[in-house]
């Protein structure tokens, strides 16, 4: 099933966290810089365990240097979340920092799964959908990296790009690129993802 397929009624929207709901690029990079990693060696979208191992760092050192108070929602995200009846988070972020950020922002997704929940492997939507008791064709995944697109494709969910993150650019054209967060609300209302 292609990841840009039409779905029936969208029952739930699953969001990536970093780069999708929150503008966290600077916050994600800062611990690596503080731990001596050159900026041009840092990449995005991987499980934190994978990126830390690739760079020769411990996850504990990274999490210890991460400031959960720096990140902020992208403009329009909080208003969009208020219109989504059921939503969840599926992220490659370390649980400790992700949970702290969600609490600081006062966000209460129905299900939250982080890198720790996937045993250090890349995020997977199957366990999230199982916890939500939702079939894949009734879910929409919104993300900002090719890893997110692949997770949606593997699970058979609809997918949309968080185009409000300037890093997204203009990907392959097989899935919608949403210019603003209210585009998620429009997709949910139209039933097309």
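The values are calculated or read from the model by the stated rules, or taken from the named source; none is laboratory data. Remember, it's a predicted structure, so these values are computed and weren't measured experimentally. FYI the Cβ positions are ideal-geometry reconstructions off the backbone, even for glycines, and counts take in every protein chain you see.
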Looking at (1) over 17 Å from residue 97 (Cα atoms); (2) in contact with a helix residue (DSSP H, G or I) (Cβ under 9 Å, 6 or more places away or on another chain); (3) surrounded by 18 or more Cβ atoms within 10 Å (Cβ to Cβ), which is the one condition that is false for residue 42? (3)
Would you confirm, using the coordinates I've provided, whether residue 184 is assigned to a helix (DSSP H, G or I) and within 11 Å of residue 15 (Cα to Cα)? yes
Condition first: at pLDDT 95 or above and not in a loop (DSSP other than H, G, I, E, B). Now tell me which residues in region 127-137 satisfy that. 127, 128, 129, 130, 131, 132, 136
Region 96-126, subset surrounded by 14 or more Cβ atoms within 10 Å (Cβ to Cβ) and modelled with pLDDT under 90, residue nearest to residue 150 (Cα to Cα): 122
Against the definition (within 13 Å of residue 15 (Cβ to Cβ) and in contact with a helix residue (DSSP H, G or I) (Cβ under 8 Å, 6 or more places away or on another chain)), how does residue 95 come out, yes or no? no
Verdict on residue 115 being without any contact (Cβ under 8 Å) to a residue 12 or more places away in the chain and in the same structural domain as residue 165 (by TED's automatic domain parsing): no
Quick one: which of 78, 51 is under 19 Å from the mean Cα position of the chain (by Cα), surrounded by 14 or more Cβ atoms within 10 Å (Cβ to Cβ) and outside the structural domain of residue 142 (by TED's automatic domain parsing)? 51
